[in-house]
Structure formats: structure tokens, C-alpha cells
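Visitor: This is the structure I have questions about; it appears just below.
Read the figures in this text as sums done on the coordinates, not as results from a lab. These numbers come from a predicted model, not from an experiment. All Cβ positions, even for glycine, are placed from backbone atoms using ideal geometry, and neighbour counts span all protein chains on display.
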Amino acid sequence: MRYVGVNSFADAVDLMGSEQGKCMILAGGTDVLVQLKLGLVEPDLLINIKAIPGVKEISVSSTEYRIGVAVSGAELGEDAGLKAEWPGIVEAMELIGSTQVQGRATLVGNLCNASPAADAVPALVSAAARVEILGPLGRRKINVKDVTIAPGKTSLAKDEIITAVCLPRQQKNSGDAYLRFIPRTEMDIAVASAAVNLILAQDGSVQSARVSLGAVAPTVLLVDDAAKALVGSKLDDAALEQLSMACSAACSPIDDRRGTIDFRTKTAGVLACRAAKIAFQRAGGSL
Amino acid sequence: MNVKRKFKVLGTRPVRPDGVEKVTGKALFGADTYATGMLHARILRSPHAHARIVSIDTSAAEALAGVKAVITSADFGEVDSEMTRDTMHNCMANGVALYDGHAVAAVAAISKSVAAAALKLIKVEYETLPHVTDVDAAMQPDAPVLHANRQHRSVVAGTPGNVVYYCDFGHGDVDAGFAAADKVIERTFKTAATHQGYIEPHACLANVGSDGKADLWCSTQGHYNVRLICAEIMGMDESQLRVTASEIGGGFGGKTTVFIEPVALALSRKAGKPVKLVMSRDEVFRASGPTMSASMDIKIGMNADGKITAGHAKLRYQGGAFPYQMVMMGAMSAFATYDLEHVRAEGWDVMTNRPKMISYRAPGAPMAVYAVESVIGELAAEFDLDPIDVRILNASREGTKSSYGPTFKAIGLVESLEAAKAHPHYSAPLGANQGRGVSCGFWFNFGGQVSVSMAINADGTVNLIEGNPDIGGSRASISMMAAEELGIPYEKIKTIIGDTASVGFSDVTDGSRVTFAVGIATINAAKAAKAEMCKRAAKTWGIDVDAVEWIDGAVHPTGHNAGEFPPLSLAEIAANSGRTGGPIAGHHEGAPDKAGVSFGVHLVDTEVDPETGFTTVKRYTVFQDVGKAIHPSYVEGQMQGGAVQGIGWALNEEYIYGEDGRLQNAGFLDYRIPVASDLPMIDTVIIEVPNPGHPFGVRGCGETAIVPPLAAVGAAVCAAAGVRLFELPMSPPKIMAAIDAKK
Ligand SMILES: Cc1cc2nc3c(=O)[nH]c(=O)nc-3n(C[C@H](O)[C@H](O)[C@H](O)COP(=O)(O)OP(=O)(O)OC[C@H]3O[C@@H](n4cnc5c(N)ncnc54)[C@H](O)[C@@H]3O)c2cc1C
């Protein structure tokens, strides 16, 4: 295995383009290093991107937040503006691992590891976040939703790299929330999870919603029927019941050592309702 | 009961001697020893649950640059004793891989990465065989049998071959007892295999010299036992194998045998160099010993007033790939808490294609007691009786003929139950979706062989060498007992764990025996030293030794007739020892056998989320009779640790096997021990009913605390969720399934 530290994304793209074997990127390394140690991956080239200028920065414009690819969970949590605007995303990221892991783990690493249970991804999908990608043909932007295509697989070409996460500015009267279920209180992998992002109308009812689910399908699901269940409501019992049913209906989980199909399907609905209530209150709604 | 003695040192809480080294990272654990020219070893393990090893081709691995030795079972010789042979074959498969993770070959190389590369070059041809991992399936007549003709004579003829041991304890006539009951409940329970979960993986460094002598450093609960087993496997004299126990990062019974030490020794002998072998966590789960899983039928009869009329337990334990005898402990413990006229406990030990079980804290007791206590709780609820009152009514007391035979001497069960009932926890109000559980538990405790050697230094300090690895603060407790007996401050004493060449044989640190047995040997060694010091004082004064006596750390004349001399302190006698006959020492070797049984009562409140089945442990209090708490902090630590391990066993810990017979959760991510944030502070109440068999009243306290939590948490969860569960762990999917089934 060759280990290279690069000073620009362009160099990373060149290196990956000329490497015959398998390439991996070392962001926080909290997935990569563990997988290396367990012998689960054997890359031929490992590229450290943390010395590239700007990768540790969060910048904000009138339209979006731009989050560098080496910003750790702990750093994300220290950005007061971001936390106030997108508490669901920040909380999702902060759920990852322990204090030690928080010092390293990144949003993009979580996304590109492409686990169906990745904690930061549902909230990013609900927020309609996008990522910026550099490849030999230049830059492009895609929805976070389209990055993961199967467990462990992304849509990125072998010589493409993500250069930033772009998060729209949150609108007025809106709120987001993320909840996961684990059998313990920390240091575990989501058995089911749900993220809800809501915008309220003048009258306090839901004007638009994005509901996504994790760990209940090969990739994170954006559930349109779940959003429809909420729109126009003030989260009355009937709307929540609809939401729960729509979520459960969308699930196609597996039975494994972490949970049964039945359990995951039901829990996804329960979490979606609870997350919807938090998002609703954050948007200024009262229950 | 003994009149309670006043102590100066016992019952205080000095800092443990190994504390600073441990918190500053200086302590040397199993993997922290290095030797010049040391090689690194790795073990190749079977990916199959059960497979004949048709051939192993190691030539490519041997040819790899940097590889210094490759071994298979062909590198081990014959061994006479069946037990040691099984241990050897567990360390290295002999013709048949018996479980997923069973060692089939090992390499020693100049680096870890070369060793890892070499493993991939070893070609093993397997012929897979049918496998069985469930205890009930393994007891079926058509189940694949792991070893033919290995049934103990206790097993009834015609019993399927995987059943290797049977036992039957009790007295009276249970059928008559059930016939007389107002209500009889019969239930079937299942519990999963759990791992001790020690944080330090098995690790050792072996160095076999060209003269055939060897040194071995390892993380173990008993280095004399390691020496015994390894010397036999290696065909060495015990005197030529010196074993040093490292500091130990947890054992809980899991380090009472060997898994890698013979492999490291064999590699070192073949390579002619020191060899270090450290298990990964994955290997610890797959190839060290978890405890047994169980399937159990419990039948108990009770009268409306709460009196138990009879109890019958049938325990079927799954203990992995080799014959073993451990269900006996469960059968003896099952009803030990109760004074019963009619009682019977039967047990079956069963082999399966899983790693061979090894002791885990009160081995065999927690699951049996879980099942029995759960039914007693259900019966108490049936008659609307207070669960503690029912237990007090039926409790074993001094003079009770126990369910397993012996008659109890002074014991502290009723005291523990009464303390629990009077505690504010028991009457505290419960919130919504919360429930409270109570359970008793029991453990035998143990004496065993022990050696202690004590030197009185010329400056009045004391060095003490004992042979039992310190897994719970015992060096502090031993120093305290020496200080109490010698009448000098704790700080003047240094206790170390000697290697096998420095002090006499000592049994393994298990059975909650160390503070009891090493304590007695320490007291006797101190008495021997005191007797010598009396002689020296008498000699100094020129009077008869009968005319002096030891009082509070000094020798005094027995009275005016003996002569008027100012007392001579230990320090004064020690300072003068060079002129009165040379160094002063005391030692004791023995096998104390009056260990006192210990009972405990646990109270727990849980809250269950009715929509997800998530359980939160809200409050937990442990009451336990420890006889005498030498160092109360370390006693409390044992009580808390046992409770926490039991909580894990009750809620989430389990070995999960797939259809293919492979372990699916060989890591701490999916083998879920509780993390700190899962737990409330575990409160403790120490009960002290002295053990008449120990000069200070010590019983032993390390194991009892893991026995009650399974049923206590079980009862609390059932009460909180409004369902009854009969299977551990009570993971959220199982709780939800029960809640949904009730709707
Ligand atoms: C103890 C522990 C606990 C954990 N708990 C959780 C948890 O609760 N929830 C959870 O979701 N995860 C958890 N994880 C997994 C991990 O921490 C997260 O997925 C984390 O966000 C990964 O980020 P990273 O920066 O460390 O990624 P890395 O390990 O550096 O990289 C991960 C993957 O992303 C790729 N990659 C990284 N950066 C880029 C880029 N710029 N462009 C393209 N590809 C890239 C890498 O090639 C690699 O495949 C845990 C891990 C550990 C060790």
C-alpha cells in the first residue's frame, strides 16, 4: 500500500487516475483505519487530504453553507450559526462514535463509507444538501441522495473526489431533526433512523416536508408519501399515524444481528413521528 | 455469630499499590513484554463450524522471507491426561476443526505484517461436516456428535452422544410437594452464551532456550495452572518452565486456562527465538471461552401464604466443542437460596460446535438462578404477595440443609433481604412505563491451595510474595490483612505476585477465593514471623520465650514476673535481627477449606419505551453479605461490576450464530456490553455476617453479584412493559414482539 499526502484536490485526482489498483481517501480515518486493521480493505493507494488548504473551513454565503471535507464532528458542533440553522444535521453528526471519534470523523467520510446506517446522511438528504465533486473533467455538483448507490458503493468514478458539502440556508419557519434507534445509548450503529425537515406556512401548518429514513433499505430513503402525510397538518394524530404508516411501507430492511425486519419497519415509523414533532417545534409550531 | 472484632486497618480504604502505575500507563500487561530478537505470531483459524482437515500445506508460508516457524497439530506430541489433551486440541485443532475460529496452524515471523501475509499462504483443505450450535438441537438423537465415547459415567445409557455429563441434586419428594401446592408454575427459559468481555485480549511472550528451559510471560488468572498445562503439553519438567503473570486487564474466569500459550511455546521452540502472540478482539470472541448458553425447565409449587412446597429444575447447558462439567454449579446454585423440604435440580452438559466454554464469574449459576427467581417472582405476583416477604419466608438460614447437601453455617441472606426491604429504594415511587425487580443470588466461594512468603526487613518494612494474580485489588487487601496482623501501617507493606519460581504453588485466582485463602496464609505467615520476633525479643532480654507476648505490633513481657522491659516494636526487633539470629521471615502453605458462602439481593428499576422496547436502567441497588469487607471500595467495585455484567447479560449481550454455524458478532460493536452512559450509579450496601471459617470473617465477594441481576432486571422489564419474557437477552426486538403479541 502506498500512502500519499496531497496539497490539492487536483493532485488527488491525478494520483487516483494513474493508480492501477484500489484507491481510498483518508479523511478522519475512523472508517478507513478500522477497516484496514480488520483486513476488510486492502487499498493500493491511500491519500491523506487533510493538508489541502481550506478543507477544515466552514464558510457561509447568502445562499449556502460550504463545509470543508476535513471538518470533524466536534468542529461542526462548535459552529453556532450552523447549529442554530440545521440542528438536526449537527446533532446527527455528533451522534457518531465517542469524543475521540468526534475529533476526527467527517460528514463526507460518513457519506462515502456508504453504510445504509450512516447517521449523518438522512439529515443531509432531508436538507436537500449537495456535494461538490472534482474529477479529471472538472467540477460537478450532485445531491447527497445520489452519492450512495448500494451498501459500500458510491456513484463517484474512481478518480473523483468530493471537495465540499453544500448546504442551503435554512428558510424562515423551518426546522429539522434526526433520531436513530440503537440498543444502547452510544457507541452503536443505527438499527433504524429518521430525519425530518419541515417548513411551516403562516397558519402554522406544514407547508412542505422532507422525510428520510436510514438503515431500513440498501441506501437512505427519501419518502415522498411520508412528506405528503405531513403537508397541511399541524401534526395531529391522524397525520402522525399516516406518517408512520408511510414510513413503514417504504422500508425494505434486512433481518440481521442488529434487528429484525419487523422491528426496523415499525421503529422507523415511530422515529419519524418523534423527529417530526421536534422539527415542528423547532420551526416554531406548537403541539 | 461472632462478636464483631474491632480492627485498625481492615475496613479502611487506602490507595491500591498498583493504582498509580495503571492510571499512568506504566503497568505492564500481557502484550507489554518484549525480548531481543522477538518474533510475532499469528494463528490461522477455521472458517467452518465443523470440518475435517484433509490436508494443510505450509510450504509456501515457510518459504516466505521473514517467516521463522510454522506449526500445526503435528508439532505437538502425545499427552497422557484427557483434560490436558482437550486443552491442547482446543489450542490447535487435531484433524477436525470443531468450531468457527478453531486454530488450525500458526506462524512466527519477523513482523506482524509478514506473519499476516504468511497466514494467507497456508493452504488448508477442509471437508465440511454437519454442525450443531444449539443445546436442544445438540441433544437430539440425530445431531452430529462432536466426540464419540466421551460421556461421563453419570450420563444415563442411551442419551445422545453430545451429552457429556449429568447431575442430580436435592432431597425430599418433589411430586408430593407439587401435589400439596396451591399453585404450580412450570416455565421454560433460554439464555444466550455471554463472554467475560475483559478489555485485555489474551497475550503472551514465550522464550524457549536451546537447553529446553523456558520462560513465559502472560496475562492469566493462574500462572501455576498455566505452568502445569504447558509443561505437560511441551513435555517439560515444571521446574524448567518459569511463568510470570503480567498485570491483568480483566479475566472474570476467562483467563483460568490457556488458549495461546502452548502455541507460542511450540513456535518459540521451533524458531529458537522468543515469540509474542496477542489475540485480536475478533479472536477473543471466536476462540476463547464464553460461558454456557442454557435451556431450562423450572417447576415450582407455592401455597397462598408464599411458602414454597417444592422446586424442580432441569438445566441443559451448551458448553462448546469439548467435554466439560459445569452444569453442576448451576444445579447446586439453583435453589441454594431457599430452605426447601422437596427440591431437585438436574443438569446436562452438552457439546456443540462452538468455542469451549470457560468459567465466567459464578460459572453456571446466573442462568439457573435467573430461571428459578423468575418463577418465584411470578408466583409471588400470582398470590399478590410482596416479593421480598416471600423470599424472607423461604430463605435459607443458619442450620438450613441446603438444596445441594451441606448444612449452612452462619449466613447473611435474611439480613440482606431485610436491608433491601428497609432501603428507601424499595419504597420509592415508580413513574410511567417503569417497573421494579428483585432477585436473590448465591455463590459458594472457595479455598484451595495457597502459598505466601513474608520477609521482615531491617527497616521495619515488610515484603510479601504470593502466587495469585491480582484481578480485583487483592494486593491491597492482602497488605491490609498483613498490616492488621502485624500491627504496623499498611504503607509499610509491599505485596507482589511472585512468578512460579519464587513462591510455592497457588491455585488459580477464581472462586472468589483470594482474599479468603491468601488472607489466611498471610495471617499465618505473619503469625510465624511474630513467633520468631517473640523469640528474638526473649533472646534480647535473656528471658524464656513463654514469658513474652505480642500485643499491637510489639513484643511485651507477659507480666511483672517476666521482668521489667520496655516493649520492643517490630521495627526495633527487625533493626536488631542481624545480631539476634539473622533475617526474620514467615511463610505459610496450605489449603484452607472453610470458605463461607455468600448471598446477595439486587433491586432494580427499569423503564421500557413502549414504542421501541428500549430499556433504561433507572436505579440499581446491590445488597450483599461479604462476611467482612477488608477494603470496602474494592468490595463495592465487585458488587457494582457483577451487577453491570449481569445487566448486559439480561439486556443485550449474546453470541449470535448463523445457519452456517459461524459467529456473527465477534466484536464489541455487535456484542453489546453496557457502556457507561447506559448505566445509573450502582448503589451498594455491604452486609457483614462474619464467616466463622476465617479469622477476620472474610467470605469472598467477587462472584455472587453477577447472579441476581438477570432475574432482577427480568422482573423489572416485565413489570415495566406489562409482558412476560422467558428468554435472555431481552433485546428491544424481543420486547417489542412480546408487546405486539399482547395487543
Ligand atoms: C468507535 C466508532 C464509532 C462509530 N460510530 C458511528 C456512528 O455512531 N454512526 C455512524 O454513522 N458512523 C459511526 N462510525 C463510523 C465513522 O466514524 C463515520 O462513518 C465517519 O463519519 C467517517 O468519517 P471519516 O472522516 O473518519 O472517514 P474516513 O474513514 O476517512 O473515510 C471513509 C470513506 O470515505 C471515503 N472518503 C473520505 N473522504 C472522501 C472524499 N473527500 N471524497 C471521496 N471519498 C471520501 C474514504 O475513501 C472511505 O471510503 C464509527 C466509527 C468508530 C471507529
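Visitor: So what's the projected area for region B:250-304, the Cα convex hull averaged over all directions, in nm²?
Guide: Hull-based average projected area comes out at 7.0 nm².
Visitor: Something else: Answer with one residue from A:202, B:358, B:90: the one whose Cα lies farthest towards the positive end of the charge dipole of the protein assembly as shown, charges on Cβ with Lys, Arg +1 and Asp, Glu -1.
Guide: Value computed over the given set: A:202.
Visitor: Grab the DSSP H runs of chain A that are 4 residues or longer, score each as -39,500 (n - 2.57), total them, divide by all residues and round the 222 nm result to the nearest 500 deg cm²/dmol.
Guide: -9000 deg cm²/dmol
Visitor: For the protein assembly as shown, give the share of DSSP beta bridges that are antiparallel, in percent and rounded to the nearest 5; count only bridges with both residues there.
Guide: Taking every DSSP beta bridge within the protein assembly as shown, about 80 percent pair in antiparallel fashion.
Visitor: Give the calculated FRET efficiency between residue B:660 and residue B:7 to the nearest 0.05, with a Förster radius of 56 Å applied to their Cβ-Cβ distance.
Guide: 0.45
Visitor: What are the semi-axes of the equivalent ellipsoid of region A:174-282, taken as the square roots of 5 times the eigenvalues of the Cα gyration tensor, listed largest first and rounded to whole Å?
Guide: Over the Cα atoms of region A:174-282, the ellipsoid semi-axes are 24, 14, 10 Å.
Visitor: Given the alpha-carbon gyration tensor of region B:616-676, what are the semi-axes of its equivalent ellipsoid in whole angstrom, ordered largest first, with each equal to the square root of 5 times an eigenvalue?
Guide: Here the semi-axes work out to 32, 13, 10 Å.
Visitor: Taking a threshold of 30 Å on the Cα-Cα distance, which of the pairs B:270/B:356; B:6/B:527; B:26/B:594; B:183/B:742; B:8/B:421 fall above it?
Guide: Beyond 30 Å: B:26/B:594; B:8/B:421.
Visitor: What value, in deg cm²/dmol to 500, does the helix sum -39500 (n - 2.57) over DSSP H runs of n ≥ 4 give at 222 nm once divided by the residues of chain B?
Guide: So the calculated ellipticity at 222 nm is -8500 deg cm²/dmol.
Visitor: Equivalent-ellipsoid semi-axes (√(5λ), Cα gyration tensor) for the protein assembly as shown, whole Å, largest first?
Guide: Taking √(5λ) for each Cα gyration eigenvalue gives 53, 37, 31 Å.
Visitor: Per q in 0.05, 0.06, 0.08 1/Å, what log10 I(q)/I(0) does a Debye calculation on the alpha-carbon atoms of chain B return?
Guide: Results for chain B at q = 0.05, 0.06, 0.08 Å⁻¹ read -0.27, -0.39, -0.68.
Visitor: Rounded to whole Hz and in sequence order, give me ³J(HN,Hα) for region B:128-139 from the Karplus expression 6.51 cos²θ - 1.76 cosθ + 1.60, θ = phi - 60°, writing x for Gly and Pro.
Guide: 5, 10, x, 10, 8, 10, 9, 5, 5, 5, 5, 8
Visitor: Further, regarding this structure: Between the alpha-carbon centers of region A:96-143 and region B:551-578, tell me the distance in whole angstrom.
Guide: With region A:96-143 and region B:551-578 each reduced to a Cα centre, they are spaced 78 Å.
Visitor: What is the sum of charges, Lys and Arg at +1 and Asp and Glu at -1, for the other residues whose Cβ falls under 14 Å from the Cβ of residue A:104?
Guide: -1
Visitor: Which whole-number percent is the relative contact order of chain A (Cα, under 8 Å, 6+ apart)?
Guide: Reported relative contact order: 16 percent.
Visitor: Let me ask something else about it. Is there a quick way to get the dipole size of chain A? I mean about its Cα centre, with the Cβ of Lys and Arg at +1 and of Asp and Glu at -1; what is the value in debye to the nearest 20?
Guide: In total the dipole reaches around 80 debye.
Visitor: Evaluate the distance, in nm, between pseudo-label points positioned 7 Å from the Cα of residue A:142 and of residue B:237 along their respective Cα→Cβ axes.
Guide: Going from the residue A:142 label point to the residue B:237 one covers 7.3 nm.
Visitor: Within a 10 angstrom radius of each residue's Cβ in A:262-269, how many Cβ atoms of other chains show up on average? Whole number is fine.
Guide: Mean partner shielding for this stretch: 4.
Visitor: Within the set of other residues whose C-beta is less than 13 Å from the C-beta of residue A:201, count the net charge using Lys and Arg as +1 and Asp and Glu as -1.
Guide: +1
Visitor: If you place +1 on the Cβ of every Lys and Arg and -1 on the Cβ of every Asp and Glu, how big does the dipole about the Cα centre of chain B come out, in debye to the nearest 20?
Guide: So the magnitude is around 1160 debye.
Visitor: Enter the angle in degrees (range 0 to 90, nearest 10) between the Cα long axis of helix A:9-18 and the first principal axis of the Cα atoms of chain A, meaning the one along which they spread out most.
Guide: Helix A:9-18 sits roughly 70 degrees off the main axis of chain A.
Visitor: Which whole number gives the average count of other chain Cβ atoms within 10 Å of the Cβ atoms across peptide B:652-659?
Guide: Per-residue shielding by partner chains comes out at 1.
Visitor: Which of the DSSP-defined H helices in chain B satisfy a minimum axial length of 30 Å, computed from C-alpha atoms, and a minimum mean Kyte-Doolittle hydropathy of -1.0?
Guide: Helix filter hits for chain B: B:514-541.
Visitor: Follow-up question, since we're still on this one. Might you report the magnitude of the Cβ-based charge dipole of the protein assembly as shown about its Cα centre, with Lys and Arg at +1 and Asp and Glu at -1, to the nearest 20 debye?
Guide: Dipole about the Cα centre, nearest 20: 1380 debye.
Visitor: I've got another one for you. Which whole number in µm²/s is D for chain A by Stokes-Einstein, with the Kirkwood Rh taken over Cα pairs at 25 °C and 0.890 mPa s?
Guide: Once the numbers are plugged in, D ends up at 128 µm²/s.
Visitor: While we're on this one: Extension gain residue B:168-residue B:145, at 0.36 nm per residue separation less the Cα-Cα distance, in nm?
Guide: Full extension from residue B:168 to residue B:145 adds 5.9 nm.
Visitor: Grab the other residues whose beta carbon is less than 15 angstrom from that of residue B:595, score K and R as +1, D and E as -1, and report the net.
Guide: 0
Visitor: For region B:162-254, give me the percentage of DSSP beta bridges that are antiparallel, rounded to the nearest 5 percent.
Guide: 50 percent
Visitor: Computed over the Cα atoms of region B:421-521, what is the convex hull's projected area averaged over all directions, in nm²?
Guide: With the hull built on Cα positions only, its mean projection is 10.0 nm².
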